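Peer 1: Mind having a look at this structure? Questions to follow.
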Amino acid sequence: QTDSSKLLENAQVEANGGNGVMLEESADNVIAGNRIGQNKKNGVFLYESRGNEIPGEGQIANQIYENEEHGLQLDASRDNFIYDNEIRNNHLDGIRFNYSRHNGILGAVKIGKNGGDGIRLVGSSWNYLNAPPLGRSGASIRNSWTRDNGGSGIHLIGSPGNSIKWFQISNQKVGVFL
């Protein structure tokens, strides 16, 4: 998808032979309130993309689950915002950033029972893990957690300048690995 300002909302994206949703060199899209699962690769994959939002829609979060790779992966992407999502039971990491910067994981994000780390950042800098989105109070973000993953709750590798706030991190091999 290379056009800008697209919306994927309230869709069921399941059992595909590759990624469930892929944005490549794409900007200003919204992926909201969807069920994205059981895909052969990642649930959602952003490559060289910027300014996209992956929010829950009101009380209905994106549910990203049971994908054979990562729930949500960003490669060489920046200025994207992920908030109010449920990311669970993916074979590898729940959320993975590779060489991505200035992204935010915000709001009530629930990450659990993934085979790898809950959140893993590789070569990724200046990302915000749970700072409040504009126009929201700090109270809503305290509902975020990462638990019961096969690896670390949050794992940063060669990733300076990131901010981690207000996450409940429990029942991991390592809570936070810096």
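Peer 1: Can you pull out every residue in segment 163-178 that is surrounded by 19 or more Cβ atoms within 10 Å (Cβ to Cβ) and over 15 Å from the mean Cα position of the chain (by Cα)?
Peer 2: Hits for segment 163-178 are I169, Q172.
Peer 1: Counting only residues that are part of a loop (DSSP other than H, G, I, E, B) and touching a strand residue (DSSP E or B) at 6+ places or on another chain (Cβ under 6 Å), which one in segment 6-28 is surrounded by the fewest Cβ atoms within 10 Å (Cβ to Cβ)? So that I can check it myself, show each step before the final result.
Peer 2: Within segment 6-28, the subset part of a loop (DSSP other than H, G, I, E, B) is 6, 10-11, 15-20, 25-26, 28.
Restricting the remaining residues to those that are touching a strand residue (DSSP E or B) at 6+ places or on another chain (Cβ under 6 Å) gives 19-20.
On the way: N19: 23, G20: 27.
Step by step, filter segment 6-28, then rank; the result is N19.
Peer 1: Can you say whether S125 is open to solvent by 20 Å² or more (accessible area, probe 1.4 Å), hydroxyl-bearing (S, T, Y) and modelled with pLDDT under 95, as far as the supplied structure shows? Break it down into steps so the answer makes sense when it comes.
Peer 2: Values: open to solvent by 20 Å² or more (accessible area, probe 1.4 Å): yes; hydroxyl-bearing (S, T, Y): yes; modelled with pLDDT under 95: yes.
Here the answer is yes, as S125 does meet what is asked.
Peer 1: Return the residue satisfying two criteria in turn: it lies in segment 43-62 and is farther than 19 Å from S144 by Cβ and within 11 Å of the chain's Cα centre (by Cα), and of such residues it is least open to solvent (accessible area, probe 1.4 Å). Talk me through it step by step, then tell me what you get.
Peer 2: So in segment 43-62, the residues farther than 19 Å from S144 by Cβ come out as 45-52.
When the remaining residues are screened for being within 11 Å of the chain's Cα centre (by Cα), the result is 45-46.
Values: F45: 28, L46: 0 Å².
Filtering first and then ranking leaves L46.
Peer 1: Next question, about the same structure. Which one of these does I87 not meet: (1) crowded, with 17+ Cβ neighbours inside 10 Å; (2) part of a loop (DSSP other than H, G, I, E, B)?
Peer 2: The one condition I87 does not meet is (2).
Peer 1: Any idea which of (1) modelled with pLDDT of 95 or more; (2) buried (at least 16 other Cβ atoms within 10 Å of the Cβ); (3) closer than 24 Å to R50 by Cβ is the one Y65 doesn't satisfy?
Peer 2: Result: Y65 fails condition (3) only.
Peer 1: Among the residues of segment 95-116, what is the count of those that are open to solvent by less than 10 Å² (accessible area, probe 1.4 Å), more than 15 Å from D84 (Cα to Cα) and part of a loop (DSSP other than H, G, I, E, B)?
Peer 2: The total comes to 2.
The values are calculated or read from the model by the stated rules, or taken from the named source; none is laboratory data. What you are looking at is a predicted structure, and each value in this text was computed from that prediction instead of being measured. Cβ coordinates were reconstructed from backbone atoms using ideal geometry, including for glycine residues, and neighbour counts include every protein chain displayed. These accessible areas exclude ligands, DNA and RNA; they are computed on the full protein's heavy atoms, side chains included. Shrake-Rupley method; radii C 1.70, N 1.55, O 1.52, S 1.80 Å.
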